[in-house]
Amino acid sequence: MAKEKYGDSRTFDPTFKGPIHNRSCTDVLCCLLFTLAMLSYLAVGYLAWSQGDLRKVIYPTDSRGQFCGQKGTPLEKKPLLFYVNSLKCVSMQVLLEFQCPTTQICVEKCPERFLTLLDAKLSEEDMQYFSQFCKDGVNTKLAAPELTKDETCPGIIIRSEPIMHRCLPTLQNTGRDAVVSSDNTTINVNLTATNKKSDIIGKAQQVAMKIFQDYTKSWRWILLGLVIAMVLSMVFIVLLRFLAGVIIWTIIISVILVIGYATFHCYMKYVALKGQAGSDVTIKDLGLQTDFFIYLHIQQTWLAFTIILGIVELVILLILIFLRKRIVIAIALIKEASRALTHMMSSLFYPLLTFALLSLVIAYWAVTSAFLSTSNQPIYKVSNTTDCEYSGQTCDPQNFNSSNISAQCPDAECLFAFYGGETFLHKYLIVFQFYNLFMLFWCVNFVTALGQMTLAGAFTSYYWAFNKPDDIPAFPIFSSLGRALRYHTGSLAFGSLILSIIQVIRVILEYLEKKLKIANNKAARFILRCLKCCFWCLEKCVKFLNRNAYIMIAIYGKNFCTSAKNAFFLLMRNIVRVFVLDKVTDFLLFLGKLLIVGIVGVCSFFFFSGKIKVVEEAAPSLNYYWVPIVTVMFGTYIIAHGFFSVYGMCVDTLFLCFLEDLERNDGSAERPYFMSTSLQKTLNKKNKVMSE
C-alpha cells in the first residue's frame, strides 16, 4: 500500500553504474530566467554606481544635499550635521535611504546645553544661541508653533556629542523635564537625571582602542588557534570511522542508566515518606503554593515522578528494541561517510570556495544598496512672480544667470525645491532596492545549492565505485562542479528561486509586523505571527527537499521537479530510517562542534590568561585576555561548522545511494550491491560474485 502511495521501488538497470555522464541540460527556461535576472542585476548595479555617491554615507549632507564642511562653499566652517528632530531617525526609511526623514542643518558645533524653544524666546541671548540650529534666514520673532511647524527650528536642543561628524544626544543632568515629540508637538519627556557625568563615548573609544591593541598583539596566536581547530575538525571526522558506534551506544546506555536510577530514587523517596505526618496530603488539596519545595514533602509528588520516569524509560527501551537495527545501519553509514572523506580530503576545503562566492555576493549587494541609497540629488526649480513659460521647470543654479531663462524672465530665480530626483531611478528607487534584496537571496541560495550538488556528485561517485577506492574517478570534486555548472544551472536556479520567494515573503511579514506594532492591532498581529510560523516551517521543508533533490540530480541528471519527486518518494518509503539517521547524525555533529569548541576554548583560556607557567612568557600582555579567547572560539565554531556541513552532506548522499542500491540490486552476480563490505555485513548481505 505504501509503495503504491509513494511510488514503486527502483528496478534494476544494467546500464546504471553510478552518476550518469551522458546527460543533457535541465530546466533550461529557469537557466535563461536566471541569466536575464543576473544581467538585470548588473544593470541595476551600474545604474546605482553611476548615480550614487558613497561620500554621503561617510560625510554628512544637509537637507539640500550639500556636504557639511566642504572647502570653497558657504558651509566650509560648518563641518557637523544637526538633526532638527532626531526622534524621526528611528524609522525604516533610514535603512533604505541612509537619510534621517527630518530637516538636517550643517552647524559649526553641536549643542552644549539643554534648551527649549519656549525658554529661548524669553531671552535674546538664548535665542541668538538657539538660532544657529535653525534654517538660514529664519525670522526668530515668529511664534514657537510657526517655527516648529515646518521644522524651521527644533522644539528642543539637547547636549550632543559629534560622532562621525553628526550631532547625537548624550545623557546629562538637565535638572528638569523637557517638551518634545516626533512631530514637534508638545508632550512630556522626562530626561534622565544623574549626579555623575560619565562620558560614555569617551569610554567606548578607550575600550575600542584597547581591543584593537589586543588584536595587534595576539593575531598570530589567534591564527594558530584557528589552525588547531581545523586540524581537530579533520581528526574528529577521521576518528568517527572508528568511534561513532562507541559514542552513540555509550550515550544511549548512559541515558537509560540515568533515567533508571532517577526512577529508583523517586520510588525510594516515595517509600521513605510513608507513615510520616502530612505526607499523605494530595496535590489537589495542597493547591498552588509559592514555595514549590513543599510539594517534595508529600508522597503523591514522588509517585508522579516515579510513574513519569518509568514511562519514559519504557518508551526508550521499546524504541531501542524495535529500532536497534536501524540505529546500527545509521552508525555504519556514518562510518562509511568518514571513510569516503578520507579518500576525498579535498572536499573538506570546498566550503572555502562557497565562502568566497557568498562574500562576493554579499559585498555586491551591500555596495549596490549603498549606491542606490545615496543616489538622491538636490533639485532646483524656477520660481518667479510674473508669468513665465519656464515656471516650475528644473534649473541649474550654477549657470542660471547666463541661461535663456533669466533673459526671458528677469524676475525668475533658481530656488531649491526638494532633495531627491526626477529620473527613472529616483521614481522607482524602492523597487530597485527590493529587487536588490531579492537577488541577494536568490544568489546566496544558488551558491549554497551549487555547493550541495557539487559535494553530492563527488560522494555519489565514491558510493557507486564497485571496487573502492580503485574505481573512484580522479578529481571527483572538479568533475562534479563542472557537471553541475554545465548541465544543471537551471535546476539550481529553480530550487533556489522557490526558496528565495519564501524568504522574501518572510521579510515582508517581519516588516508588516513592525508597522502593526505602532497601530497596536492585536488581531492583525496574531494573523501575521501565524503566517510567520507557517512560512518558517515551509522554508525548512523546502530546504530539506531541495537538498535531496540536488542529490538525485547529481546521480541521474534529471530536472528539478522529477528529482524532487523521486527523492521525496524514496525517503517516504524509508521514513523510519530517515528519522533515525537524521537524529543520530545531528547529535554526533553537535557533540563534535561542542567538543572542538570546548577544547580550543579551554586551551585558549589557559594560554592567554597565563594560567600555564610553561607558556606564561610566550603569552602576550593584553588589556582584555577574553578578546582573543572569544575570537578563537567563534572562529573555531565557524570552521567546525564548515567541515561538518561537508560531513553531513556526505552522510545524506550516501544514505540516498544506499536506499537506491537496496531497491535496485539483490547481491546476485547480475545485480551486485555497490555498498561496501562493512555495510553488507551490517545488513547480513553478501555479493555472490565476491563470495565466489
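The values are calculated or read from the model by the stated rules, or taken from the named source; none is laboratory data. Just so we're clear, the structure is a prediction, and the values are computed from it rather than from any experiment. Quick reminder, even Gly has a Cβ in these numbers, built from the backbone with ideal geometry, and neighbours come from all protein chains shown. Side chains included, ligands, DNA and RNA excluded: accessible areas come from the protein's heavy atoms. Shrake-Rupley method; radii C 1.70, N 1.55, O 1.52, S 1.80 Å.
Taking the solvent-accessible surface of protein heavy atoms with a 1.4 Å probe, what is the per residue accessible area of segment 228-314 in Å²?
65 Å²
Under a point spin-label approximation (7 Å from Cα along Cα-to-Cβ), what is the Ile283-Ile599 distance to one decimal in nm?
4.4 nm
Calculate the FRET efficiency for Tyr428 and Thr562 from the Cβ-Cβ distance with a Förster distance of 35 Å, rounded to the nearest 0.05.
Working from the Cβ atoms, E equals 0.35.
Pairs to check: Lys335/Lys468; Lys325/Lys685; Lys558/Lys593. Give those whose C-alpha atoms are more than 25 Å from each other in this structure.
Beyond 25 Å: Lys558/Lys593.
Note down the accessible area of Arg64, probe 1.4 Å, to the nearest 10 Å².
Answer for Arg64: close to 100 Å² accessible.
Pulled fully out, how much extra length does the chain show between Phe526 and Leu224, if you take 0.36 nm times their separation in residues and subtract their Cα-Cα distance?
103.7 nm
So if we plug the beta-carbon distance of Val246 and Ser346 into 1/(1 + (r/R0)^6) with R0 = 22 Å, what FRET efficiency do we get, rounded to 0.05?
About 0.20, to the nearest 0.05.
What distance in nm lies between label points placed 7 Å from Cα along the C-beta direction at Asp666 and Lys77?
If labels sit at Asp666 and Lys77, their model points lie 9.9 nm apart.
Would you mind pulling out the separation of the Cα centroids of segment 653-689 and segment 298-327, in Å?
First find each Cα centre; the distance between them is then 36 Å.
Let's test the formula: R0 of 35 Å, r as the Cβ-Cβ distance of Lys583 and Val231. What FRET efficiency results, to the nearest 0.05?
It comes to 0.80.
Could you rank the peptides 492-498, 80-86 by their average count of other C-beta atoms within 10 Å per residue, with the highest value first?
Ranking, from highest mean packing down: 492-498, 80-86.
With a 1.4 Å probe and all protein chains left in place, how much of the accessible area of segment 303-395 comes from carbon and sulfur atoms, in whole percent?
Details: 3510 of 4800 Å².
The nonpolar share, carbon plus sulfur, comes to 73 percent.
Taking the solvent-accessible surface of protein heavy atoms with a 1.4 Å probe, what is the per residue accessible area of segment 105-148 in Å²?
59 Å²
Could you tell me, in Å, what Rg and Dmax come out for the Cα atoms of segment 214-322?
When restricted to Cα atoms, segment 214-322 yields Rg and Dmax of 24.3, 70 Å.
Could you state the accessible area per residue of segment 477-568 in Å², with a 1.4 Å probe and every protein chain left in place? Let's see the in-between values first.
On the way: 4650 Å² over 92 residues.
That works out to 51 Å² per residue.
Would you please name the chymotrypsin sites (Phe, Trp or Tyr not before Pro) within segment 623-692 that are DSSP coil residues with at most 14 other C-beta atoms within 10 Å of their C-beta?
Within segment 623-692, the qualifying chymotrypsin sites (Phe, Trp or Tyr not before Pro) (loop, at most 14 other Cβ atoms within 10 Å) are Tyr624.
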